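A quick write-up on the structure given underneath.
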């Protein structure tokens, strides 16, 4: 088995179970297991020798038309919610950059989206979820009931139990289209200023050029927007193109990435331009490209996403962009985003500040570069996103997540540390 | 409009109509239910202990905004079948049977109880229920019946021939029913799935390339039903595999371990 990054690859057995009773007896019999959703986290957080796949547990249990409260089983994909609810004028309050993840996975990674600075993480849209503990007991968790379990499970990487179902709020939309503004900036300073200037916009994200050195360092295309209100909600089947095979790994190199970056940057008009685009292109640009992870070749890739507290963001990013540009290792897709306030969950990634996500194909010297960047991130008080990680050294992880000790204590108390483990949790001693 | 004789022109099935699925707890049945609901049909779901279909029926109502009714049906309680069918307020436009019991071959060889259970679940019970349906459809001159049989019925092999022979009998029954109902414009379709990854086959080590998901089977069934196909293999490759298997001479076949 492997995750979306195609790295690492692990020999494992997956058990496909959808019935709650069977799940309980399964937990009784198995030594150690991790829940696997749709395999879209990048690293080893959902991998182990035993994995229980909950995707068939995907029933929509209830929906309240007036409040938008949806009760849904944890194996359902966000794409399924969108397929049936966008035409009725509803959208996810918080959506990540791919719709092909399960509700359970969204909770376990406490995912965030382009509107984190306004709406926070996925857990903010949750009313409650039900969790199966190591002994098979089922508990309801919310911000008022079993609060500790709620705080630990949201962002807890599946290490507290099996999430069975959840109640979450959808939000009303008046169109499937997004009115988007693209702001072209010439350097990192301008990029930061643009983020601040447009921080009232519900959705914002920037593509950043990571290879340009000197004066143009940090030049970006900032995209901000909100749903239109034209009543156009009709379902549209988007054409999907598949990457049919793994690209040879030399295809992506600093030269080809530079060419891509230049073309992409120059395609956008100068200053501020406006577009009206479908929500799928706005939120899920890569979802229309099936198996896009194959572009990085058979050896796979890793996504490296870190966040820095706001006060250190500018300096930190400057230093990190210098380091990357000097290494010559191009990141094909680099995404910069401004985040809002941190929540109280033990292992949630977001904090108020700026996050940068970088894709690197696995190659010689990469992990050394990432260790160096780790150093800068930690020094500046930041942290690294577990849903994307496959390599962070233990001490760097611990320094980024000060609440991990509470998490460990809770795991011991419920015997979770003996039942629910991933390769990542063992690697990091969570 | 195309001339559809000898079929009844009204038999295209308006989407206000109901599809009846019996054995609705099976994975294939659920996939078929979702497919037809997605296309806008209303559903009757029948199963033993239909109460356990509650969550699934909510799912169908919320996703597809269709009407779903769950009803109890014990396929082995033959005398109840007529009442059960008569209780449907609006008679269905199509009927699916996804009832199936694989059983245990070895146990069945020693225990006639297990053999009878396999035979009656996969054959006798369905004959009883479909006779009732067929009489109604024949009178109304419309509707379709789709029975899920199995490639296991195409040739008996030592690993599962009790199940296989019950399915063979069901295949023959459907073929006869198709012949009988042709003149009334009622279509009968036989579906022969090969390997399908379901609860029934859980724990079996199935070859990936020959194993369909229930969703694939449901899509094949829907397409084939719309085209009024008679016998459908799913995955399609199984038609050719079974052609080969059926043509192995008996003197050779009896020595084989497949």
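All of the numbers you see were taken from the coordinates with simple rules; none came from a lab. The model shown is predicted, which means the values in this text are computed figures rather than measured ones. Note: ideal-geometry Cβ built from the backbone for every residue, glycine included; neighbour counts use all protein chains shown.
GNM remark for chain A: springs join alpha carbons under 10 Å apart, and the peak mean-square fluctuation among A:345, A:261, A:28 falls on A:28. Quick check on region A:193-311: take the gyration tensor over C-alpha atoms, sort the square-rooted eigenvalues as a ≥ b ≥ c, and tell me if it's rounded (a/c under 1.5), prolate or oblate. Cα axes put region A:193-311 in the oblate bin. The mean count of C-beta atoms from other chains within 10 Å of the C-beta of residues in B:59-65, rounded to a whole number, is 5.
The sum of -39500 (n - 2.57) across all DSSP H runs of n ≥ 4, divided by the residue count of the protein assembly as shown, sets its helix-only mean residue ellipticity at 222 nm to -10000 deg cm²/dmol. Relative contact order for region B:135-212: 35 percent, from Cα pairs under 8 Å spaced at least 6 residues apart, divided by residue count. Measuring between their Cα centroids, region A:5-47 and region B:17-33 lie 29 Å from each other.
A Förster radius of 25 Å, combined with the Cβ-Cβ distance separating residue B:257 from residue B:110, puts the computed FRET efficiency at roughly 0.75. Between residue A:322 and residue A:266, the distance separating the two model label sites (each 7 Å from Cα on the Cα→Cβ line) works out to 2.9 nm. With a Förster radius of 22 Å applied to the beta-carbon distance between residue B:204 and residue A:30, the computed FRET efficiency rounds to 0.65. If R0 equals 56 Å, the separation of the Cβ atoms of residue A:289 and residue B:157 corresponds to a calculated FRET efficiency of about 0.80. Taking A:186, A:383, A:40 in turn, the Gaussian network model of chain A (Cα-Cα springs below 10 Å) assigns the largest fluctuation to A:186.
Counting only the Cα atoms, the protein assembly as shown fills a convex hull of 183 Å³ per residue. Once the Cα-Cα distance is subtracted from the 0.36 nm per residue extended length, the residue A:364 to residue A:310 segment shows a gain of 16.2 nm. The alpha carbon centroids of region B:58-76 and region A:332-378 are separated by 47 Å.
Note on chain B: Cα-Cα pairs beyond 35 Å make up 13% of the total pair count. Modelled this way, with points 7 Å down the Cα-to-C-beta line, the labels at residue A:197 and residue B:80 are 7.2 nm from one another.
In whole Å, how far is the Cα centre of region A:153-206 from that of region B:162-233? Their Cα centres are 47 Å away from one another. Using a Gaussian network model of chain B with C-alpha springs under 10 Å, which one of B:113, B:164, B:194 is most mobile by mean-square fluctuation? So, out of B:113, B:164, B:194, the one fluctuating most is B:113. Neighbouring Cβ atoms from other chains, within 10 Å of the Cβ of residues in A:59-71, number 3 on average. Relative contact order, whole percent, for chain A stands at 19, derived from Cα pairs under 8 Å and 6 or more residues apart. In this rough spin-label picture, where each label sits 7 Å from Cα along the Cβ direction, the residue A:62-residue B:140 distance is 3.4 nm. Across q = 0.09 Å⁻¹, region A:283-430 modelled as identical point scatterers on its alpha-carbon atoms has Debye log10 I(q)/I(0) values of -0.31, in the order of the q list.
Available extension along the chain between residue A:399 and residue A:253 is 49.3 nm, counting 0.36 nm per residue and deducting the alpha carbon span.
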